[in-house]
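Only the coordinates and a few stated rules stand behind these numbers; no lab work does. What you see is a predicted model, and the numbers here were worked out from it, not measured in a lab. Positions of Cβ are backbone-derived with ideal geometry, glycine not excepted, and every protein chain shown enters the neighbour counts.
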């Protein structure tokens, strides 16, 4: 069947099989392999993408469900080569280790900051609790979100490194 | 995050500071290519047919129907293997495809390559295997009894190690207090978020190229060469960006690479195989569960006289790394204490459970939990506080370890213990907590733990590594080594060490992924050995290069070689040349060297200092040096539900010299949280050889909501053997979290829990509740 939707700010029109998962559409048909599959069950959050700005597990969504809606993947986060403040903050604070969970965590972070530009530590924890990370122990991810928040709000960024 | 006591050694330009990871940009932009992201034109998809029973004789395998399914290109069994049917670094008995019997539920009897995953899955359903079921052995102690059902041809003993020091009977005779306790730990899944994946492509000259999520490329290459019947130079293993490993992508990947390789050679096509999480959980090896018995003797004032221990590890169906894992347990079994009389026996036994192998800690997390719980129990018995008893017995400079090794370096155990206890006022708080009212619903507790850890492989075997440094004519550098980046930060750390020596900034250094055909066999990336081994090798390579380029620089600057300074991508001789502070860009120097025909390529090779081991009495210099660490945990126990919240964690370690501060802290945080998972949540439960968990819905990992406040203190204590003084950190950070938490729970509730994890039931009721087969779990769902 034919599927029209907006992907990373561009209109896409593509033929898909019924029953195809969004993650397979992205990875296999559109070659956007930045979205990762960790569990296929909505437990780990590695496959998180934004659907109309809200984080969803692309392994739990059928491709047909995004018809006429807007999908953002990690490839769509930087605009014209300019990294999103969250991407910069993840790099600078050391919030990335193996990096497999990073795309999903970044999209959850962007969704949080879009909705709540100055989240508390507790709000950050809740917003990211659907994204498992086995390497970092989350601490530096929290610091990265806080740094990105300060940058977005134009606040002082002293003492933001380590 | 609070960091204190950090003494930055100003004599280094970059080493010791915080540098963003060299691979971070690719990873945050989604460009990093992990194994499952690779595809090749015309590729087929591989799938495995798992054993239907954890222990059974294979009577017949009928692949006829599967082979006839349209879209299927190959169905292979053990009969189609051109080389040996099994592999293994220590004992080569792990079956690539099972022939006579299956030994655990993750064993594979046949493999399929097809034009799509769907067809491959259908074909697997069409394979008929006749089995005769055998009795299942699921308890390692039972496995070692006379008359036990055999998993392999000989008895079920996979490994045995002993340590004998002094006279154990005399030790207990001299003791006023003797305590005997039993502890057990659960089986742990590495839970790297990236499931295993490979792409195998038939190469030139009948060889094979495999790109995959591999941790130890060279042991995997040996397995593939053996099974495919190829020489090592025709098997090329390339490491894709690795989505976590923690010791886990070794034998599991050997098996997957062998299978994909067999299918690729049989079909002449590229074959891609990607495990689902369920497949990964079912098949991949785990951290061993241990059953541990301790007997400890002490004088009434708290001087340890003797420790006797008997330890059983569940090796599961295959040996994998069990012989080495349990050896490390034997060496460390008595903890970081001076004990004159020691008797340690460690057994690893084959069972029909999922096999076990290397995982962060490598035989230490089990031991640390038990010995550090035991020391607290002894303190309680002696009416001492836990810190006091530790301080009376810990290893110090020149102490002799349980294996008879004199410690010649600076032993920092007291310092790390002071670091975690002083600021919190540990002893006062520990005493106050004991006064909490019995009927209080929420009780606070505080607990400590400490450890020593031998770094690198020690007497396990040959320990050497190589790093290739290639300066380009524009002054940039390409670095490659057989040790790998797996998320731990090796690419950045090794780049920083090279940067320090050559004065080239890390952004001008490119660290390549490992490739068995292009980088030297440097052994496995394990045992927290990468910074130490590759760092030392890199230093040698840098030294060699500097010897060659310095004369050219001195000539250009008209100054003696000893006045040269390499810094910020340039070289100069401050105030020493007639031209003042004239700086030559490194690019100019490199190009000049190239024009003169001077080699800008060096291979630094480093072999570790010697270690010794006597199998007969378990005595020797087991490791060439050690690191030390201590933890403090503060918890709040909900006495109504049994829920334990870790409120605060203090961690202090002695990594020698920090290389990348940001990376070092990341190792501590990640290690502590993995340790909290071990303590509180994780359990790869099995019943009669069948796994009871299949995915992260039931195998629980710590989430962002489970994280306490973590305070870290890293000690600066350069080791004369380490590269610029650096030792190791990744594993020590992980091994002592669980006992600190168990000790804190005791401090809160007065109840000692000797079995991990500290589930609600164990904390509330003091016992485990058994799951009924019909409820939840994979069995009920037919998975």
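Its alpha carbons give the stretch A:85-152 an Rg and a Dmax of 10.3, 28 Å. Calculate the FRET efficiency for residue B:65 and residue B:39 from the Cβ-Cβ distance with a Förster distance of 35 Å, rounded to the nearest 0.05. Plugging the Cβ-Cβ distance into 1/(1 + (r/R0)^6) gives 0.75.
Annotation for residue A:28 and residue B:518: the two label points, set 7 Å from Cα along the Cα-Cβ direction, are 3.1 nm apart. Between residue B:599 and residue B:462, the C-beta separation translates, for a Förster distance of 22 Å, into a calculated FRET efficiency of about 0.20.
As a length-normalised measure over Cα pairs under 8 Å and 6 or more apart, the relative contact order of the stretch A:85-152 settles at 53 percent. For chain A, the mean residue ellipticity at 222 nm estimated from helices alone is -8500 deg cm²/dmol, where every DSSP H run of n ≥ 4 contributes -39500 (n - 2.57) and the total is divided by all residues, rounded to the nearest 500.
For chain B, the relative contact order works out to 16 percent when only alpha carbon pairs closer than 8 Å and six or more residues apart are counted. Restricting attention to the protein assembly as shown, close to 75% of DSSP beta bridges with both partner residues there are antiparallel.
Stretch residue B:135-residue B:442 to full length: gain in nm at 0.36 nm per residue minus the Cα-Cα span? Write down the numbers at each step before the final one.
Working: separation 307, 0.36 × 307 = 110.52 nm, distance 4.69 nm.
Residue separation times 0.36 nm, minus the Cα-Cα distance, leaves 105.8 nm.
Counting, for every residue in B:664-671, the Cβ atoms of other protein chains within 10 Å of its Cβ and taking the mean gives 6.
Within 10 Å of the Cβ of each residue in A:83-91, the mean number of Cβ atoms contributed by other protein chains is 3.
On average, how many beta carbons from a partner chain sit within 10 Å of the beta carbon of a residue in B:185-196? Write out the running numbers ahead of the final one.
Details: counts 0, 0, 0, 0, 0, 1, 5, 5, 18, 9, 7, 0.
Going residue by residue through B:185-196 and averaging, the value is 4.
For chain A, compute Rh as the Kirkwood radius over C-alpha pairs and then the Stokes-Einstein diffusion coefficient at 20 °C and 1.002 mPa s; write the answer in µm²/s, rounded to an integer.
Values: Rh = 16.0 Å.
Approximately 134 µm²/s, per Stokes-Einstein.
Axis of helix A:139-152 versus longest Cα principal axis of chain A: the two differ by about 90°, to the nearest ten degrees. Average projection, convex hull of the Cα set of the stretch B:76-151: 7.0 square nanometres. Taken along the Cα-to-beta-carbon direction at a fixed 7 Å, the label points for residue B:152 and residue A:115 span 5.3 nm. Tell me whether the protein assembly as shown comes out rounded, prolate or oblate; compute the Cα gyration tensor, take square roots of the eigenvalues as a ≥ b ≥ c, and use a/c under 1.5 as the rounded threshold. Cα axes put the protein assembly as shown in the rounded bin.
Hey, can you rank B:166-176, B:481-491 by average C-beta count inside 10 Å, highest first? Can you show the working numbers first?
Numbers: B:166-176: 16.5, B:481-491: 26.9.
Listed from highest to lowest mean packing, they are B:481-491, B:166-176.
Per-residue extension of 0.36 nm, minus the Cα-Cα distance of residue B:204 and residue B:435, leaves a gain of 75.7 nm for this segment. With the highest mean first, a sort of the peptides B:416-427, B:598-609 on other beta-carbon atoms found within 10 angstrom per residue produces B:416-427, B:598-609.
Centre-to-centre separation between the Cα atoms of the stretch A:79-144 and those of the stretch B:519-559: 36 Å.
A crude spin-label estimate for the pair residue B:145 and residue B:116, with each label 7 Å from Cα along the Cβ direction, gives 5.2 nm.
Convex hull of alpha carbon positions in the stretch B:282-345: directionally averaged projected area 5.0 nm². Using the Stokes-Einstein relation with a Kirkwood hydrodynamic radius computed over Cα pairs, the translational diffusion coefficient of the stretch A:2-76 at 10 °C and a viscosity of 1.306 mPa s comes to 133 µm²/s.
For the stretch B:278-397, give me the percentage of DSSP beta bridges that are antiparallel, rounded to the nearest 5 percent.
Details: 10 of 21 bridges.
The antiparallel proportion sits near 50 percent.
Extension gain, residue B:31-residue B:173: 0.36 nm per intervening residue step, less the Cα-Cα distance, totals 44.6 nm. At the listed q of 0.09, 0.11, 0.15 Å⁻¹, the Debye profile of the stretch B:464-607, built from one uniform point per Cα, gives log10 I(q)/I(0) equal to -0.28, -0.40, -0.70. When the Cα centres of the stretch B:453-508 and the stretch B:85-126 are compared, how far apart do they sit, in Å? Each part's Cα centre sits 36 Å from the other's.
Under the classification rounded if a/c is under 1.5, otherwise prolate if a/b is larger than b/c and oblate if not, where does chain B fall, given a ≥ b ≥ c as square roots of the Cα gyration tensor eigenvalues? Present the calculation step by step, with values, prior to reporting the outcome.
Details: a/c = 1.79, a/b = 1.04, b/c = 1.71.
Verdict is oblate for chain B.
Relative contact order of the stretch B:55-190, taken over Cα pairs closer than 8 Å and 6 or more residues apart, is 27 percent.
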